[in-house]
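Down below is the structure, laid out as structure tokens.
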Amino acid sequence: REARSAAALDHPAVCRVFELGEAGGRDFIAMELIAGETLASRLFRGPLPVPQALEWGAALAAGLDEAHRKGIVHRDLKPGNVMVTPAGQVKVMDFGLARPLSGVAEGTVHADTWTAGLTAPGAIVGTTAYMAPELLTGAQADEKSDLWALGCIVYEMLTGARPFAGSSVTVVIAAILEREPDLSRLPPETPAEVRLLIGRALRKDRERRVRDAGDLRLAFEEAREALRESGPVPGAAPPSAAELETAHAAAPVRPGFSRRHLVLGTGAVGLLGAGFGTGALLSGSRQTAEVPSYQRLTFRRGMIRNARFAPDEQTILYGALWDGDVCRTSTVRPESPESRPLELPPSTPLSVSPSGELAILLGDHLRGLWPRGILARVPLAGGAPRQMLEDVTFADWSPDGNELAVVRLGAEKQRLEFPVGNVIFEPKGYALSFPRVSPRGDAVAVFDHDASFGGSVVVVDRSGRTKYRSPQFLELFGLAWRGDEVWFTGANERRISRAIHAIAPPGDPRMVMRLPANVTLHDIAPDGRLLIAHTSDRSESAVLAPGETMERNLSWLDGSTIVDLSRDGRLALLWENGQGGGRSNSVYVRGTDGTAAVRLGDGRAMALSPDGRWVAVAPILPAPYLELLPTGAGEARRLEVPGMQFRRVRWLPDGDRIVAVVVKEGRRAGLWVFPLSGGAPRAITPPGALHSSWAVAPDGSAVAVTHEEAEARIYPIAGGEPRPAVGLGKKDSVLAWIERGLLVRVDGENLDTYFIVDPVSGRRERWRQTLPADASGIMSTGNLVVTPDGRTYAYWWHRALSDLYLVSGVT
């Protein structure tokens, strides 16, 4: 429909359509390639000089006049549908909402294109701020509706603001229906006849509006000529190619592609119910480049995994786990607060091609920060996913939609492939994430992470050559290209706040804007709008206290991780590792009856003595020493052994010894026991023994250890030969040892379900499942701690709740 409408037009101010066709079972439209930026992007930088506004207004009027003469109404004329070329020429785009004028002969346009029935009778079609009053009341669009929209655009070019604005769609509609445009805001040098014509174009009674687009064209041309004869106006020249290249929202030109691509599935039609509620948050006011505007797009409770602009640049695709459900793919548009789920199996959308094909990661993806699964492709218009690759974590389409860059697990570690099967980069550090192909398709940007979430941004060309690398950041999460720059969210203070940074050769970053919270950049539209997710991260802890039948939330600040319990279950040790805990983190003890928490000092909480009187605290991991802090009155002590570093620690029941995982001379040295009242430490497991998990027996006589490459064993702490731990499989992780047996969970399965295994007989029984009633946004659970009798237990979980925002005006 769009192509046939535009193909009937041949005018310099209209994007030309050259051919419709079919090849290999796929329809295509060949359109004119238009470099530059949208008029909307230009207006984000402020109003135009009067001569320039009149010149572009005359060109738009001429293009509309040609369309109206051919019997075509645009119906969605707005700055976002107008392109500005480097030579200063304007072209009307997107005749996707066009329809023929009533009474026009069928031979003038292809009448069969109007039978698709995209809109129901009385439906509102278009973009609210530029819609004529009659359209808001359900009347049929005609050429006078386009003249209204053109009047709005010329007003905005002259003033930098929309004539009808408001904080919501409802307010904008009310302004259009009830208010008159404030013509006093037009620049003083605006010719009187132009003021008059803008007022006539914006008359609410369509019968009293300006007669046709030809009258507007002629008036704008004559007014501009008069201004030229009266003297030059500074800044009246059209923008140069260099100015457009560096503009705040300049659209990157992809080889062989225009800004507008064929839209499949979701369509380009915006539908607004006539009774749209006041809860809508679509901003109708134009922001300056210095003051970004934020529009919230999602309103449910859960975690957003990924988000992308669809090819029409208005529809947004995202994957989210709402209300404890599995990850599902949905779409949303800025003019509506309602999201629409796509009919797909549980999955995370990774990327969408210009032709509307989704790359998705199949799976529930309930847990974990970076899900891994089977990569599949599926048309946005509908159909069954076609599986492609296993062990994939990220993927991104090339600009032509023919290739994918993927991060997947190889034989030993992750690797970046572009195209699939061609390895161009392996991590220097620990892992790779967020690969994005450049707008020209000649390079891939990716995060190269260290063992935490930190690392560097690396840009690699197709041959695998590293073009440039950013300095090290403590946190990196979310990346996209904006022209020749790579924009990303990162922080240099762990878990404090993030900022949006940009890098280009040679790799020196510049800060675009600092953000007050945990924000992830997901995508950037060609016109410069950003998709970001604001996420509230919290680690929370719960306890089933002695004598009670219901769990109590024991969280104190925003990073409450339960580490240990006293032997009687009356006192809990908390490690606060969020923003509230500060840069050095904080150590707290809190009564399991819910009494107020007491801060003991900085550091990472490691273990609580059986009587609850002492806490072992590490400054860093692996720690060169342990601080032993009293929970009441007393003086701190230090446990330090030259050449040894501590990892995980547990107190023995006698209160005078601890067991710890030790690193010696840079290598893991196994489990050791350390007397606190004097004496030399002694190894429990053989030197260099690799263990996966371990737990201390309730009487302190032994430790049960699972090994990465050997069977599980029980080692006597006093020394002697180990014996097999019967009943433990290679996937079992030991969390605790209670009087009834070992508490284990099975790796790779339901990590919230625990079993009791008798290490002598091997008998296994289900113990319980630990999961809070509100499962929304829970990304991980762990660190189960239990008293020896098994009656009091505590555990923690990490919850991430996200809201998706559309951001405009970021330079």
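The values are calculated or read from the model by the stated rules, or taken from the named source; none is laboratory data. Note that the structure is predicted; figures quoted are calculated from it, not measured. Positions of Cβ are backbone-derived with ideal geometry, glycine not excepted, and every protein chain shown enters the neighbour counts. The protein model used for the area step is the full one, side chains on, heavy atoms only, and it has no ligands, DNA or RNA in it. Shrake-Rupley method; radii C 1.70, N 1.55, O 1.52, S 1.80 Å.
Can you list the aspartates and glutamates whose alpha carbon sits under 12 Å from that of Lys731, skipping same-chain ones fewer than 8 residues off?
Output for Lys731: Glu708, Glu709, Glu711, Asp747, Glu749.
Size of the dipole of region 603-659 about the Cα centre, Lys and Arg at +1 and Asp and Glu at -1 on the beta carbon, nothing else charged, in debye to 20? If you can, show how the numbers build up before the last one.
On the way: 8 positive and 6 negative charges, 49 e Å.
So the dipole magnitude of region 603-659 works out to roughly 240 debye.
For the chain, give the magnitude of the charge dipole about the Cα centre (Cβ charges: +1 Lys/Arg, -1 Asp/Glu; no others), in debye to the nearest 20. Could you put the intermediate results ahead of the total?
On the way: 91 positive and 95 negative charges, 284 e Å.
Here the size comes out at about 1360 debye.
At a probe radius of 1.4 Å, what is the per-residue accessible area of Lys731, in Å² to the nearest 10?
Result for Lys731: roughly 130 Å² accessible.
Expressed as a rounded percentage, what relative contact order does the chain have, with Cα pairs under 8 Å and six or more residues apart? Present the calculation step by step, with values, prior to reporting the outcome.
Numbers: 2078 pairs, mean separation 70.9, N = 811.
Once divided by the residue count of the chain, the mean separation gives 9 percent.
Based on DSSP H runs of at least 4 residues, each adding -39500 (n - 2.57), what is the mean residue ellipticity at 222 nm of the chain after dividing by all its residues, to the nearest 500 deg cm²/dmol?
Roughly -3500 deg cm²/dmol at 222 nm, from the helical runs in the chain.
Determine the sum of side-chain charges near Arg305: Lys and Arg each +1, Asp and Glu each -1, restricted to other residues whose C-beta is under 12 angstrom from that of Arg305.
On the way: positive: Arg308, Arg328, Arg367; negative: Asp364.
Every neighbour counted, the sum reads +2.
Compute the Cα gyration tensor for region 1-69, then decide on rounded, prolate or oblate, letting a ≥ b ≥ c be the square roots of its eigenvalues: rounded whenever a/c is under 1.5, prolate when a/b is larger than b/c in the other cases, and oblate in all that remain. The partial results should precede the final answer.
Working: a/c = 3.68, a/b = 1.82, b/c = 2.02.
Oblate.
Please report how far the C-alpha centroid of region 504-529 lies from that of region 10-26, rounded to the nearest whole angstrom.
35 Å
First compute the accessible area of the chain with a 1.4 Å probe, then give the percent of it belonging to carbon and sulfur atoms. Show your work: numbers first, answer last.
Details: 16390 of 33090 Å².
Carbon and sulfur atoms account for 50 percent of the accessible area of the chain.
Please report Rg over Rh for region 592-700, where both radii come from the alpha carbon positions and Rh follows the Kirkwood definition.
Details: Rg = 14.1 Å, Rh = 14.6 Å.
Ratio of gyration radius to Kirkwood radius for region 592-700: 0.97.
Can you give me the three principal axis dimensions of the chain from its C-alpha atoms, in Å, biggest first?
Computed over the chain, the largest-to-smallest principal extents equal 100, 57, 50 Å.
Which one, Ile503, Thr128, Val14, projects farthest toward the positive side of the charge dipole computed for the chain from Cβ point charges (K/R +1, D/E -1)?
Ile503
Could you tell me what fraction of 2.2 N^0.38 Å the Cα radius of gyration of region 714-772 comes to, as a two-decimal ratio? Each step should come with its number before you reach the end.
Working: Rg = 12.3 Å, N = 59, 2.2 N^0.38 = 10.4 Å.
Here the answer is 1.19, to two decimals.
Loop-only check: which GluC sites (Glu not before Pro) in region 592-645 are DSSP coil with at most 14 other Cβ within 10 angstrom?
Details: sites: Glu627, Glu635, Glu640; in loops: Glu635, Glu640.
Listed in order of number, the matching sites are Glu635, Glu640.
Could you report the chain's accessible area per residue, 1.4 Å probe, as an integer in Å²?
Details: 33090 Å² over 811 residues.
Averaged over the residues of the chain, the accessible area is 41 Å².
Can you give the Rg and Dmax of region 358-467 based on its C-alpha atoms, in angstrom?
Answer for region 358-467, Rg first and Dmax second: 13.7, 40 Å.
So who's got an amide H within less than 5 Å of the one on Ile738, skipping anything under 5 residues away but keeping other chains? H placed 1.01 Å off N, in plane.
Here the answer is Leu743, since their amide H atoms fall under 5 Å of that of Ile738.
Please report the projected area of region 566-626's Cα convex hull averaged over all directions, in nm². It would help to have the intermediate numbers written out before the result.
On the way: hull surface 16.9 nm².
Value for region 566-626: 4.2 nm².
Which value, in debye to the nearest 20, gives the size of the charge dipole of region 524-634 about its Cα centre, when Lys and Arg are +1 and Asp and Glu are -1 at the Cβ? Walk me through the numbers before you get to the answer.
On the way: 10 positive and 13 negative charges, 32 e Å.
Here the size comes out at about 160 debye.
Short version: ³J(HN,Hα) in whole Hz for each residue of region 67-79, in order, from phi by Karplus 6.51 cos²θ - 1.76 cosθ + 1.60 (θ = phi - 60°), x for Gly and Pro, what are they?
Working through the residues one at a time gives 4, 5, 5, 8, x, 10, 9, 6, 6, 9, 6, 6, x Hz.
Before anything else, pin down the relative contact order of region 702-811: Cα pairs under 8 Å, at least 6 apart, normalised by residue count, whole percent.
Working: 200 pairs, mean separation 18.7, N = 110.
Across region 702-811, relative contact order equals 17 percent.
Show which aspartates and glutamates lie in cross-link reach of Lys70 when reach means a straight Cα distance below 18 angstrom and same-chain residues fewer than eight apart are skipped.
Lys70 reaches Glu2, Asp10, Asp94, Glu106, Asp112, Asp142, Glu143, Asp146, Asp212, Asp215.
Projecting each Cα onto the charge dipole of the chain (Lys/Arg +1, Asp/Glu -1 at the beta carbon, about the Cα centre), which of Tyr625, Leu358, Leu476 comes out farthest on the positive side?
Tyr625
Rolling a 1.4 angstrom probe over the protein chains, ignoring ligands and nucleic acids, what is the accessible area of Ser456 in square angstrom, nearest 10?
Roughly 0 Å² of Ser456 is accessible to a 1.4 Å probe.
Rank Leu54, Leu369 by accessible area, highest first, at a 1.4 Å probe radius? The partial results should precede the final answer.
Values: Leu54 0, Leu369 70 Å².
I get Leu369, Leu54, largest accessible area first.
Dipole of the chain (Lys/Arg Cβ +1, Asp/Glu Cβ -1, origin at the Cα centre): which of Leu573, Pro642, Leu432 lies farthest to the positive side?
So the residue furthest toward the plus end is Pro642.
Over the heavy atoms of Arg301, what accessible area does a 1.4 Å probe trace out, to the nearest 10 Å²?
Result for Arg301: roughly 100 Å² accessible.
Gain in length, Ser452 to Lys730, computed as 0.36 nm per residue apart minus the alpha-carbon separation, to one decimal in nm? Spell out each step's value before the answer.
Numbers: separation 278, 0.36 × 278 = 100.08 nm, distance 2.57 nm.
Gain on stretching Ser452 to Lys730: 97.5 nm.
What lysines could a cross-link reach from Lys78, if we take a straight Cα to Cα line under 20 Å and drop same-chain neighbours fewer than 8 places away?
Lys91, Lys144, Lys204
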